[in-house]
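The values are calculated or read from the model by the stated rules, or taken from the named source; none is laboratory data. Please read these numbers as outputs of a predicted model, since none were measured by experiment. We place every Cβ from the backbone using ideal geometry, glycine too, and count neighbours over all the protein chains shown. What goes into the accessible areas is simple: the full protein's heavy atoms, side chains included, and nothing from ligands, DNA or RNA. Shrake-Rupley method; radii C 1.70, N 1.55, O 1.52, S 1.80 Å.
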Amino acid sequence: MKNSSRSFSLLLLTAVVAFSFAMAPAKKRTARKKSQPAKEDKRVYLVHSDNLHYDQYRNGDAQVLNGHVHFRHQGADLYCDSAHFYEQSNSFEAFRHVRMVQGDTLSLTSEYAYYDGNDQLAQARYNVVLKHRKTTLYTDSLDYDRMYNFGNFFEGGKLVDGSMTLTSDWGEYHTDTKQAIFYFDVRLKDQKLYLTTDSLYYDTQTSRAHIVGPSHITSGSSHIYSEDGYYNTKTERSELFGRSVIRDQGRTLIGDSVYHNADDGTNYAYRNVVYTDSVNKNMMTGDYCEYNDSTGYAMATRRAVSIDYSQRDSLFMHADTFKIFTYNIRTDSVYRVIHAYNKVRAYRTDVQAVCDSLVYNSQDSCMTMYKDPIVWNLNQQLFGELIKVYMRDSTIDWTHVIGQAFSAEQMPDSVHFNQVSSNEMKAFFTNGDIRESQAIDNVLVVYYPVDDSDSTLIGLNYTETPLLRMFIENRKMKRIWMQRPTGVLYPMSQIPADKYFLPKYAWFDYVRPVDKQDIFNWRPKKAGTEIKEQKRRQPPTRKLSTVTAPATGPASATGTAPATAAAAETIPSTATP
């Protein structure tokens, strides 16, 4: 028995050890299985229903649920009044007061919905409302994909984001990126704007609309047309591309790129810019332009051109920079000041001009040309230190040349020139035609009388006078009046060599613009022919000498008033030029 017991014990110990070794590998495999991720549970769970019944003949495989129905699927809770639950296909139909809630940021309500748990797709119908944070989408037909976090509607929808309302026939809303995509009859309304288009991308997080088709934006008195651009509904700022157009009260701005800020009224345009003012009948072009609706300030540069089309023929003017300043913009006394500076060149069929800079003030309708100004009209040339042109009803009224004024008229033979030199000149016009011309102070005249019978030159008339007045009718000289003139008439064969040209004579045909394209080609005067400004004599200045009077003294004792600084006023005997 002892041997038998010992043999049994040994056998039992051997079996235990063998069993232990045999079980060791199995524990390791089990440990490896536990480290693998658990399989995702895609089943739709029925959490609650007041009533449940099953009728294969009437409802097929559906479980019919009634009263406070509650489903749960992968982090979302779905509620309704009644439902048909298809457990085998992992789906259900929900009826009346359907509501899906996902966390605390997303909810979907409707009157009917079909939900597929395998594809995580909810098809909601009738009075559908999708709420995501502060954004709400209203529609009658919405398919919401929980897997890719977006819903699309196809029978008309309305998206409300704060004060903004966006409607269209078809669209999408992505809850993860907060992006909305709308197509067909898209309309965006806000407190200050109204946008219509056929295609629009809208970011509810940044309130930024991306225009991708023909679009119209109305904000206050301004209207924007664009086919490609961005518009921020909160800041009212636009970034527009592809020849976008901004219109506001007769003003139009077009450019390859246009930036608009409705809040402060600023507009910026780049490349091939066209700014048009249909009220004042002028326009500016260039590669950069800016305009402010609120202040009326405008600026153009980079091949900038100003075009005035108020007359029968348009006037084209080029300068490095144009600036427009508007004063009293919201009043009846509004006026504008236009600055053009650096290398100004102007062309119209009947008149051309060049100068370094000019200023036009609509308050007195005066255009002032600075630094070597020259004006041509047909075969006439006029220059001086300063030229002022006064307008009336968009037509020239009179001109004033100040300082070293000189006028030259080329005769038909292109050899001889009528010339007038004086300190200043004035010309008066009627309906755009000159009727009177005046030369004032130190007037020198070279004039060639013409024989009316054969149009030959009679001779050269050289005259000096303090004042010259010429009366013109139908662009022909009718009468000349001079004050105390002294002069000589030289026959053509006896003209002295030094009398053909006045001392200030110069003919700047090489500077003159020949067409509207030539205004871009700056050609300066030849060295040494520039006008050197002459300083004007100033009136005498009064100097005060201070005299200190004693508080008491013999003068007071005799009754004579003491001298004061005011009584000691002196005038110098000579004037300083």
Next on the checklist: Kindly evaluate R479 against the criterion of being open to solvent by 60 Å² or more (accessible area, probe 1.4 Å) and closer than 18 Å to S437 by Cβ.
Outcome noted: yes
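Per-residue answers, yes or no, for (1) open to solvent by less than 60 Å² (accessible area, probe 1.4 Å); (2) acidic (D, E); (3) closer than 30 Å to V445 by Cβ; (4) modelled with pLDDT of 50 or more:
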{"position": "P485", "(1), (2), (3), (4)": "no, no, yes, yes"}
{"position": "L502", "(1), (2), (3), (4)": "yes, no, yes, yes"}
{"position": "D515", "(1), (2), (3), (4)": "no, yes, no, yes"}
{"position": "K543", "(1), (2), (3), (4)": "no, no, no, yes"}
Checklist entry - Got a sec? Which of D140, D161, D119 is farther than 15 Å from Y183 by Cβ, surrounded by fewer than 16 Cβ atoms within 10 Å (Cβ to Cβ) and either modelled with pLDDT of 95 or more or of a type in the set (D, E) (or both)? => result D119
Item to check | Within segment 226-281, considering residues that are among the hydrophobic types (A, V, I, L, M, F, W, C) and over 19 Å from G213 (Cα atoms), the one surrounded by the fewest Cβ atoms within 10 Å (Cβ to Cβ) | outcome: V279
Item to check | Test set (1) within 18 Å of F406 (Cα to Cα); (2) surrounded by 10 or more Cβ atoms within 10 Å (Cβ to Cβ); (3) modelled with pLDDT of 90 or more - F520 fails condition number | outcome: (1)
Next on the checklist: If I ask for residues that are without any contact (Cβ under 8 Å) to a residue 60 or more places away in the chain and of a type in the set (G, A, S), which ones from segment 222-239 would you list?
Outcome noted: S226, G229, S238
Checklist outcome for this item: The condition from (1) open to solvent by 70 Å² or more (accessible area, probe 1.4 Å); (2) out of contact with any helix residue (DSSP H, G or I) (no Cβ under 9 Å at 6 or more places or on another chain) that I458 misses is numbered (2)
Item to check | Any strands (runs of 3 or more DSSP E) falling wholly within segment 297-401 and containing at least 3 residues that are β-branched (V, I, T) and either in contact (Cβ under 8 Å) with a residue 40 or more places away in the chain or open to solvent by 30 Å² or more (accessible area, probe 1.4 Å) (or both) | outcome: 351-361
Checklist outcome for this item: Of (1) within 17 Å of S294 (Cα to Cα); (2) surrounded by 19 or more Cβ atoms within 10 Å (Cβ to Cβ), H223 satisfies every one except (2)
